[in-house]
Amino acid sequence: MHRVGSAGNTTNSVRPRKEKRLTYVLSDADDTKHCAGINCLKVLKSTVSIGCDYLFTGSRDGTLKRWAISEDSATCSATFESHVDWVNDAVLAGDSTLVSCSSDTALKTWNCLSDGICTKTLRQHSDYVTCLAAAEKNSNIVASGGLGGEVFIWDVEAALTPVSKSGDAMEDDCLNGVNGSTNSLPMTSLRTISSSNSISVHTTQGYVPIGAKGHKESVYALAMNDSGTRLVSGGIEKVVRVWDPRTGSKAMKLRGHTDNIRALLLDSTGRYCLSGSSDSMIRLWDLGMQRCVHSYAVHTDSVWALASTPTFSHVYSGGRDLSLYLTDLATRESLLLCKKEHPILQLALHDDSIWVATTDSSVHRWPAEAHNPQKVFKRGGSFLAGNLSFSRARVSLEGSIPVPVYKEPTLTIPGTSAIVQHEILNNRRHVLTKDTAGSVKLWEITRGIVIEDYGKVSFEERKEQLFEMVSIPAWFTVDTRFGSLSVHLDTPQCFSAEMYSADLKIVGKPEDDKVNLARETLKGLLAHWLAKRRQRLGSQASANGDVLSGKDIAPRSLAHSRVDVDGGAENDSMVYPPFEFSTVSPPSVVTEGSQGGPWRKKITDLDGSEDEKDFPWWCLDCVLNNRLPPRENTKFNFSDSHTRQIKCSSCILRIHKVVNYVVEKMVLDKPLDNVNTDGTFAPGLGGHLQHSVVGDGSFRPGVKPWQKLKPSIEILCNNQVLLIFIFRGNPLKSTKFA
């Protein structure tokens, strides 16, 4: 798992406050497909109201998807998008509630039959939330565990109950995907346990779950019996801990594994427990006897996923060795069902089939015969599982490798290839990427689209071919942790880059107008939101009989820094073509405002109601008020042999303007009138000055590299020689350019 830095400084440190970041996630593929590994699976069987079976998948791309399953097809019917990091697990609670957890430290609840509406964000964990467990018959009870060593037991119905707000107390919700408050835990709480085993915990400020305290290190796996009366957990400590989820009290601790525990199962009664570990072993525990009754050496590497038959007589297991096995718990007989190309992360039984999720973005369905597993063993090819971890590895090394029963899955839900390599080009508008399929693509960041698909070519060679002799400040950063490009904008650095409108080929705008790349990108990114906002404000103003002013948000009062107005743009709201984002594959915005935690939404799903509580203030100030944060001036000096400073500038300059200025101030000592608009000199100057543009360090034809150029002026950018001035006729004093 990866770690993500915090969005802001929440301590009482005297250091300057770090402003909230705005990120947008790009995608050039069909939104109905995952673009990163699948961490979790959940099957919802059909009812009269549903009409079909559903499969829910949670991915490292930060989204969950709902698939309508038939005998020979799977159709994506909804995408659930609100988490801002990997989705690690998901469970069903009740008839229509889906609960998910993420590396963003939050749990989220969803109406699983809706079009992807997040109904609540639950924040209690201090670190990544890695696993969930639910009680099948007591459907309100859900347990969560994470890297902070915390285990919490939630009453979902109580957590979803609206809390009356008083004063500044805010409910932590995320209606339509926008998070609510992230206030710390209330100081006092009242806990009541009813006779029906339901959990009800309330405080003066809202709901707080029961904490099962005892883990000192990260928790990777949880399991709960059907009635919700027993909970087991495991992780880095290599022990299986058993809890009473009704009170959070410890029942027992079971030792036996020699490495991290990564998967757990409980039978319906809560007496028997199966555990899978990074020590490659599967162990069967009798909780009544408080000991391990069987060990199964089936895998040759870490066991990451377990699923049992309804009678708990057989177990399906998968993990890092890319293999899916079926094992008879009584006879120890094991069978290799299939071999994958990627490590197996999760399993989910569906009638007589089993869904398999891996680190790849696709999901596969394989035959399983869960209701009659002996039918599979009749095919032959089984082996007897040993009881020591090295026994299976030794058999594998000796060459006795099982033959898979099945060669091909019965159904595949395809994903898209994840981006695994990227390079920001020095024009600071394009990013070159390579995905898991080996395809190399060129992205335009200011429009969020792929402008060139080169296919399977050399990434390094293509990068060299795309090199340009330009120097533009680094105004954004990029990562690929979601399997796609995430572009990060941080103030004030993101406003450091400007280009001339002529270089951007903006028609109808004076060619010497300077365009701030971040400002125009934000305008294009939030164009839909701005239109919706103006519609909303316009309808409100009409209802009240008011006139809508040009600026619809008050400027922020700043105590720590000055805000400059970008006068060159004249507060125009027009989105220029180089900054128009696609509405076919719209990017998602990931950010947070003054209230609530981080949130994520498609730009086309923004409804205009989002304000400073949801967006960073600097982002709104830029888009609505045309106000840019102050930037540090970059010194740009000309000097002659007497080290006399001539000019200092923080603006971008075209090279021909630099040439004109140098000639005017340091050569002719008078204004230069006979210069063409493209920066070349008129014939009258040909006898006095010759200039040669150097792109790769070599001279253009007509200038011999061994000639000693004296006197001369060189112009360099990032240690690259851009131009060389050669003076003839009346020589100058020794002159230099710095």
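The values are calculated or read from the model by the stated rules, or taken from the named source; none is laboratory data. Model, not experiment: these values are computed from the prediction. A quick note on method: Cβ atoms are made from the backbone with ideal geometry, for glycine too, and the neighbour counts reach across all protein chains shown. When the accessible area is computed, the model is the full protein with side chains, heavy atoms only, and any ligands, DNA or RNA have been set aside. Shrake-Rupley method; radii C 1.70, N 1.55, O 1.52, S 1.80 Å.
Checking C494 against (1) touching a residue at least 40 places away in the same chain (Cβ under 8 Å); (2) touching a helix residue (DSSP H, G or I) at 6+ places or on another chain (Cβ under 9 Å), which test does it fail?
All conditions pass for C494, except number (1).
Could you tell me whether any residue of segment 279-301 is under 26 Å from G214 (Cα atoms), in contact with an Asp or Glu (Cβ under 7 Å, 6 or more places away or on another chain), of a type in the set (S, T, Y) and outside any loop (DSSP other than H, G, I, E, B)?
no
So which of T491, T412 is at pLDDT below 95 and either of a type in the set (V, I, T) or closer than 30 Å to R365 by Cα (or both)?
Going through T491, T412 in turn, the sole match is T491.
Quick check on this structure: which one of R241, R262 is buried (at least 19 other Cβ atoms within 10 Å of the Cβ), more than 24 Å from A370 (Cβ to Cβ), under 35 Å from the mean Cα position of the chain (by Cα) and charged (D, E, K, R)?
None of the other options fit; the residue is R241.
Which residues, counting only those in segment 489-508, are open to solvent by less than 10 Å² (accessible area, probe 1.4 Å) and within 16 Å of V25 (Cα to Cα)?
L489
Only one of E468, E464, E460, E511 is out of contact with any helix residue (DSSP H, G or I) (no Cβ under 8 Å at 6 or more places or on another chain), open to solvent by 40 Å² or more (accessible area, probe 1.4 Å), of a type outside the set (V, I, T) and under 30 Å from E341 (Cα atoms); which?
E460
In segment 76-96, how many are over 24 Å from the mean Cα position of the chain (by Cα) and either charged (D, E, K, R) or open to solvent by 10 Å² or more (accessible area, probe 1.4 Å) (or both)?
Residues meeting the conditions: 3.
Could you go through segment 424-433 and let me know if any residue there is in contact with a Ser or Thr (Cβ under 7 Å, 6 or more places away or on another chain), surrounded by 19 or more Cβ atoms within 10 Å (Cβ to Cβ) and not aromatic (F, W, Y).
Among the residues of segment 424-433, at least one is in contact with a Ser or Thr (Cβ under 7 Å, 6 or more places away or on another chain), surrounded by 19 or more Cβ atoms within 10 Å (Cβ to Cβ) and not aromatic (F, W, Y), which makes the answer yes.
Based on what the data block shows, is K18 farther than 21 Å from D352 by Cβ, open to solvent by 60 Å² or more (accessible area, probe 1.4 Å), modelled with pLDDT of 85 or more and in a loop (DSSP other than H, G, I, E, B)?
Considered against the rule, which asks whether it is farther than 21 Å from D352 by Cβ, open to solvent by 60 Å² or more (accessible area, probe 1.4 Å), modelled with pLDDT of 85 or more and in a loop (DSSP other than H, G, I, E, B), K18 comes out as no.
One line per residue, one yes/no per condition, for (1) in contact (Cβ under 8 Å) with a residue 12 or more places away in the chain; (2) assigned to a loop (DSSP other than H, G, I, E, B); (3) open to solvent by less than 10 Å² (accessible area, probe 1.4 Å):
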site: L306; (1), (2), (3): yes, no, no
site: P310; (1), (2), (3): yes, yes, no
site: V315; (1), (2), (3): yes, no, yes
site: G318; (1), (2), (3): yes, no, yes
site: L326; (1), (2), (3): yes, no, yes
site: A330; (1), (2), (3): yes, yes, no
site: S334; (1), (2), (3): yes, no, yes
site: C338; (1), (2), (3): yes, no, yes
site: E341; (1), (2), (3): yes, yes, no
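Just one of the numbered conditions (1) over 26 Å from L345 (Cα atoms); (2) outside any loop (DSSP other than H, G, I, E, B) is not true of R262; which one?
(1)
Please pick out the residue among G94, G177, G116, G167 that is under 21 Å from P245 (Cβ atoms) and either of a type in the set (V, I, T) or modelled with pLDDT under 95 (or both).
G94
What tally of residues in segment 570-608 results from selecting those that are outside any strand (DSSP E or B), more than 24 Å from S126 (Cα to Cα), modelled with pLDDT of 90 or more and charged (D, E, K, R)?
3
Hey, can you tell me all the residues within segment 226-238 that are open to solvent by less than 60 Å² (accessible area, probe 1.4 Å), at pLDDT 95 or above and of a type outside the set (V, I, T)?
Across segment 226-238, the qualifying residues are L231, S233, G234, G235, E237.
H34: under 19 Å from the mean Cα position of the chain (by Cα), farther than 27 Å from M224 by Cα, at pLDDT 95 or above and open to solvent by less than 10 Å² (accessible area, probe 1.4 Å), yes or no?
So H34 passes the test.
Out of A223, A251, report the one residue that is in contact with a Leu (Cβ under 9 Å, 6 or more places away or on another chain) and either at pLDDT 95 or above or buried (at least 24 other Cβ atoms within 10 Å of the Cβ) (or both).
Selected residue: A223, the only one of A223, A251 that is in contact with a Leu (Cβ under 9 Å, 6 or more places away or on another chain) and either at pLDDT 95 or above or buried (at least 24 other Cβ atoms within 10 Å of the Cβ) (or both).
Considering only segment 41-62, I want to know if a residue exists there that is assigned to a loop (DSSP other than H, G, I, E, B), without any contact (Cβ under 8 Å) to a residue 24 or more places away in the chain, charged (D, E, K, R) and open to solvent by 10 Å² or more (accessible area, probe 1.4 Å).
yes
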